[in-house]
Each structure stands twice: as structure tokens, then as C-alpha cells.
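Chemist: Handing you a structure now.
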Amino acid sequence: MIQTLYNAPMSSTHHIYMSLIILLILSEEELFNLQIHDISLKNISWYTERNIGEITLGGLIILVIIRTIQYNILKMRDKYLHTNCLASLANMSSKFRSLHPYVAQRLVSLFETLGKRYLKLLQNVDEHPPEQDQEIELAQDIAVLEEVVRMVLEILNSTLSNQLSQNRHLVYTLLYKKDSLQPFRSQEATQDLVANLDTVINYFTKRLGKDYHNYTANQVMEQIEDGVLHWKPDILKKFPELKFRYVEEDSPEAFFVPYVWSLIFQRSGIHWTNINMDLFNLEPEVYA
């Protein structure tokens with residue numbers, strides 16, 4: 001399932017959606033969200049973006065979901081796919097533990113990528129006011145991006161509010177990338193969430209002292225490790241727990257029945273006569 005999402009460019013749209021639905025349903029279970037961070041994986045041959053050596057199953061799931069979101073931004077631009085990906089991350093976020101340094105970097109980079117697109121869109125609208133027939137579409141695009149950016153900030157907040165002591169590398173990445181938050185400190189839709197992240201940043205910056213710019217990465221991590229011992233989670237503002245559930249669309253059989261029959265047709269090994277068969281497209285689809 002995770003490999004299917006990783007190979008999204010080579011997988012059928014139906015298979016991608018099905019994998020995301022299953023993942024969202026699994027992420028509704030607290031036990032699943034806990035146990036995926038207890039399972040360690042080594043040398044994942046099909047993950048080729050970076051040699052990550054050893055990583056938890058939870059960390060791998062996060063990486064693949066982020067990759068799917070970024071693929072969707074560039075290629076599919078499907079709001080449904082975006083929503084399911086972020087909902088799964090949100091459900092799991094309060095249980096993120098021992099995140100690999102690369103996973104922490106990718107989480108913050110996701111915010112950077114989406115934030116830049118959102119700000120660029122606002123700038124383009126200010127500099128080049130749209131024609132009347134484009135206003136509604138642009139307003140919808142801005143609203144969707146604003147919602148997505150806020151949701152990523154909610155995911156970061158959820159992780160740090162519940163599992164900061166278990167995610168030193170996320171704290172390190174946030175310190176390193178703190179300037180990316182600047183444009184969102186004054187945005188009405190995001191300023192409350194950014195204020196929470198600033199509380200974390202200011203706490204650890206104070207503990208690092210004035211000369212932290214001269215520290216090596218290991219020295220910064222040592223100071224973060226020490227700061228975690230004295231960290232008090234109650235200094236952060238509490239936000240509602242992130243909980244999303246899979247809700248069937250109207251007439252779900254319009255998707256599931258043709259999809260299941262297409263799998264039976266292509267993989268059962270049973271010969272089917274094509275005459276008068278119009279329940280689904282007979283053109284073969286690529287399944288990972």
C-alpha cells in the first residue's frame with residue numbers, strides 16, 4: 001500500500017485513492033498510530049530518493065504521504081487527494097515519535113513549499129487583479145491553500161504539544177528554518193498556530209544562548225537534549241485534538257463496484273468475454 005503511494009506516477013488513480021482511504025481508516029486507530037513507530041525498517045530498496053538506512057514504519061509512512069502531496073501539487077491538483085493525505089497525517093501527528101532527521105526536514109519543508117505557493121498566489125492577485133470571470137476560481141484556490149497551510153501548522157503543533165520530548169530532530173529543524181514562519185506571524189488564519197511554534201523556538205533559542213550560530217550541529221542537539229529535560233508542555237496553547245474520519249461520498253458504489261470488478265477482471269485469471277461489458281473501462285491500468 002505504501003509502495004503504491006510512493007509509485008503514484010506509475011499507479012492508477014483508483015489504486016492511489018484506495019490506498020489513501022485504507023490509510024485514513026487505519027490512522028483513526030490510536031493503537032495503529034502508536035505501533036508504527038515501534039517497528040524499525042532497514043535498507044528499503046524501493047525508496048530511492050535518499051539512503052535513509054534505518055527508519056521506523058511511521059517515519060516511512062510520513063515520507064511517502066508528503067511525497068504524494070507534493071506529486072499532487074505538481075501533477076494532479078486534486079483537492080480530495082490533498083484532504084485525505086493531510087487527514088491521515090493529522091490523525092497520526094499526536095503520536096509521532098523518534099522522527100528520523102530526514103522526516104523532520106521533510107515535514108517542515110512541506111510547510112515551506114505550500115506556504116510559498118500561498119504567498120505567491122496572494123502576491124499575484126495583488127499585482128495583477130484577476131478578471132471578473134476568474135475571481136471566484138482564484139478565491140477558491142486561495143481558500144484551499146490557506147486551509148492546507150493551516151492544517152500543516154496544526155500537524156506540527158499537535159506533534160510538539162504531545163511529543164516534543166520524543167522529537168528532538170523536529171525541534172532542531174524548526175530552529176534552523178524559523179525564518180520560514182515570518183510571513184505567517186501576521187496572517188489572521190495562521191498567527192495563533194505560529195505563536196505556539198514561536199514559543200518552542202524562543203524557549204530553545206534562549207537555552208542555546210547568543211553564540212549558538214557558532215555551534216556545530218552536534219552541539220545544538222546537545223543543548224536541545226538538555227532543554228527537553230526542563231520543557232513544560234503546559235506553556236503551549238491547547239488546540240482541539242486533530243481527529244478525522246473517512247466519510248463515504250454520495251453513491252460510493254459508483255467508485256468501488258467498477259474498481260473491484262476491474263481488479264477481478266484483470267487479476268483473477270478467469271477468462272471473461274468482453275462483449276457487452278461496460279461496467280468499467282477495459283483499457284488496462286498499471287497497478288503497483
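The values are calculated or read from the model by the stated rules, or taken from the named source; none is laboratory data. Note that the structure is a prediction, hence the values are computed from the model and not measured. Note that we place each Cβ from the backbone using ideal geometry, even for glycine, and neighbour counts take in every protein chain shown. The accessibility values were calculated without ligands, DNA or RNA, using every heavy atom of the protein model including side chains. Shrake-Rupley method; radii C 1.70, N 1.55, O 1.52, S 1.80 Å.
Chemist: Looking at Ile69, Ile62, Ile22, Ile16, which one is touching a Lys or Arg at 6+ places or on another chain (Cβ under 9 Å) and either more than 23 Å from Thr159 (Cβ to Cβ) or in a helix (DSSP H, G or I) (or both)?
Modeler: When all the criteria are applied, what remains is Ile62.
Chemist: Checking the condition buried (at least 18 other Cβ atoms within 10 Å of the Cβ), more than 21 Å from Ser180 (Cβ to Cβ) and either in contact with a strand residue (DSSP E or B) (Cβ under 9 Å, 6 or more places away or on another chain) or hydroxyl-bearing (Ser, Thr, Tyr) (or both), which residue from Gly53, Gly59 passes?
Modeler: Of Gly53, Gly59, the one residue that is buried (at least 18 other Cβ atoms within 10 Å of the Cβ), more than 21 Å from Ser180 (Cβ to Cβ) and either in contact with a strand residue (DSSP E or B) (Cβ under 9 Å, 6 or more places away or on another chain) or hydroxyl-bearing (Ser, Thr, Tyr) (or both) is Gly59.
Chemist: Leu74 - would you say it is assigned to a helix (DSSP H, G or I), open to solvent by 70 Å² or more (accessible area, probe 1.4 Å), under 27 Å from Ile21 (Cα atoms) and among the aliphatic types (A, V, I, L, M)?
Modeler: yes
Chemist: On to the next question. If you go through the stretch 188-212, how many residues are outside any helix (DSSP H, G or I), free of Cβ contacts under 8 Å to residues at least 40 places away in the same chain and closer than 22 Å to Val148 by Cβ?
Modeler: Total meeting the criteria: 1.
Chemist: Within the stretch 1-13, which residues are open to solvent by less than 40 Å² (accessible area, probe 1.4 Å), outside any helix (DSSP H, G or I) and touching a helix residue (DSSP H, G or I) at 6+ places or on another chain (Cβ under 8 Å)?
Modeler: Ser11
Chemist: Among the numbered criteria (1) touching a helix residue (DSSP H, G or I) at 6+ places or on another chain (Cβ under 6 Å); (2) open to solvent by 30 Å² or more (accessible area, probe 1.4 Å); (3) of a type outside the set (Phe, Trp, Tyr); (4) within 26 Å of Pro233 (Cβ to Cβ), which single criterion is violated by Leu26?
Modeler: All conditions pass for Leu26, except number (4).
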